[in-house]
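The values are calculated or read from the model by the stated rules, or taken from the named source; none is laboratory data. Only a predicted model underlies this, so the values are computations on that prediction, with no experimental measurement involved. Ideal geometry is used to build each Cβ from the backbone, glycine not excepted, and the neighbour counts take in all protein chains shown.
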Amino acid sequence: MKITKYVLPVAGLGTRFLPATKAIPKEMLTVVDKPLIQYIVEEAVEAGAEQIILVTHASKRALEDHFDKMPELERVLEEKGKQQLLEKVRSIIPEHVEVIAVRQPEPLGLGHAVLCAAPVVGDAPFAVMLPDVLIHNSPGCMAQLVELFETQGSSIIGVENVAREEVNKYGIVSLQPDEQGALQRMSGVVEKPTPEQAPSTLSVVGRYILTPKVMELLRETESGAGGEIQLTDAIATLITQEPVYAYTFKGSSYDCGHKMGFVQANLEYALRDPEISAELEQQIQRLAK
Ligand code: UTP
């Protein structure tokens with residue numbers, strides 16, 4: 001079973017990043033020289049995506065535009081002999097990958113956003129990726145999940161360890177007794193528990209492979225934490241009906257939905273960029289003095 005459909009919910013308001021996100025979608029903020037959404041699409045394409053389903057909002061047209069062809073720009077770059085830039089613009093989305101936009105009329109929560117993609121997803125297992133979380137690794141996090149899914153055939157959720165005092169920011173998973181290794185069967189998941197209540201320190205980071213059953217469950221899910229329809233609540237019910245696994249992926253994650261994570265991502269990605277890393281290192285040393 002191949003995973004070809006990748007749902008990218010991008011209809012949220014991005015309030016933690018105001019005023020930057022008043023007129024520009026959070027997912028269009030750039031880390032070094034690429035918008036967040038492009039890193040996510042590249043991770044999806046590497047994992048085998050054939051359809052990218054953007055769940056979007058009327059105020060976020062820039063996201064759809066980013067993946068559209070721009071013949072005038074391509075012509076100008078060609079005429080000026082700017083081959084490298086032309087390649088960059090042309091390779092934003094490979095020919096065999098289709099970008100589809102569906103609307104979430106109101107930001108009623110991540111679970112609701114995923115449900116808006118149901119008519120396009122149909123009756124097949126699918127991936128969900130949160131575009132404000134960058135994960136650096138080769139192979140990418142999604143490719144790691146897909147490889148496991150090919151043998152496992154069950155829903156798999158990417159998780160990573162966080163400090164106990166941080167658990168109240170995340171969905172936290174609980175595991176079946178005696179589960180060991182990187183892939184562990186889940187017994188539950190709770191949204192933003194207190195450090196005392198948290199069943200583990202494994203947090204859900206925004207990379208999921210889900211069976212279509214979750215769409216059925218989302219239709220019945222009522223609003224939960226923060227008055228929003230939570231994907232976590234539907235997954236908690238899914239766990240009572242079929243096996244769901246947590247996978248501690250290889251790689252470093254950056255939560256670009258808030259200032260510190262975004263700045264850290266920019267710094268670390270810039271330090272990995274051969275064009276600017278040497279000069280940046282010098283600048284950092286100068287500032288540290
Ligand atoms: P967040 O929880 O980060 O919400 O959503 P947000 O609205 O983007 O940002 P803040 O909290 O107000 O700063 C995680 C992902 O889910 C999408 C967001 O666009 C983001 O990519 N989302 C969230 C939706 O598509 N619809 C929603 O109703 C909520």
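Listed values, structure above:
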{"quantity": "Pair list, Cβ under 9 Å, 6 or more apart: the stretch 96-107 residue within 12 Å of residue 9 (Cα to Cα), other residue loosely packed, with under 14 Cβ neighbours inside 10 Å and modelled with pLDDT of 95 or more", "calculated": "102/119"}
{"quantity": "Any hit, the stretch 70-92, residues being buried (at least 17 other Cβ atoms within 10 Å of the Cβ), in contact (Cβ under 8 Å) with a residue 24 or more places away in the chain, more than 16 Å from the ligand (Cβ to nearest atom) and farther than 20 Å from residue 141 by Cβ", "calculated": "yes"}
{"quantity": "Candidate set from the stretch 94-122 (those that are in a loop (DSSP other than H, G, I, E, B), within 11 Å of the ligand (Cβ to nearest atom) and hydrophobic (A, V, I, L, M, F, W, C)); member that is surrounded by the fewest Cβ atoms within 10 Å (Cβ to Cβ)", "calculated": "108"}
{"quantity": "Every residue from the stretch 1-49 that is part of a strand (DSSP E or B), within 11 Å of the ligand (Cβ to nearest atom) and over 22 Å from residue 98 (Cα atoms)", "calculated": "none"}
{"quantity": "Among (1) in a helix (DSSP H, G or I); (2) touching a residue at least 40 places away in the same chain (Cβ under 8 Å); (3) surrounded by fewer than 14 Cβ atoms within 10 Å (Cβ to Cβ); (4) in contact with a helix residue (DSSP H, G or I) (Cβ under 8 Å, 6 or more places away or on another chain) - the single one residue 150 does not satisfy", "calculated": "(4)"}
{"quantity": "Check on residue 89, in a helix (DSSP H, G or I), within 22 Å of residue 50 (Cβ to Cβ) and over 18 Å from the mean Cα position of the chain (by Cα)", "calculated": "yes"}
{"quantity": "Some residue of the stretch 35-44 being modelled with pLDDT of 85 or more, surrounded by fewer than 19 Cβ atoms within 10 Å (Cβ to Cβ) and either within 19 Å of residue 256 (Cβ to Cβ) or among the aromatic types (Phe, Trp, Tyr) (or both)", "calculated": "yes"}
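This table checks each residue for (1) of a type in the set (Ser, Thr, Tyr); (2) surrounded by 18 or more Cβ atoms within 10 Å (Cβ to Cβ); (3) under 28 Å from residue 175 (Cβ atoms).
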position: 212; (1), (2), (3): no, no, yes
position: 216; (1), (2), (3): no, no, yes
position: 226; (1), (2), (3): no, no, yes
position: 239; (1), (2), (3): no, yes, yes
position: 243; (1), (2), (3): no, no, yes
position: 249; (1), (2), (3): no, yes, yes
position: 252; (1), (2), (3): yes, no, yes
position: 277; (1), (2), (3): yes, no, no
position: 280; (1), (2), (3): no, no, no
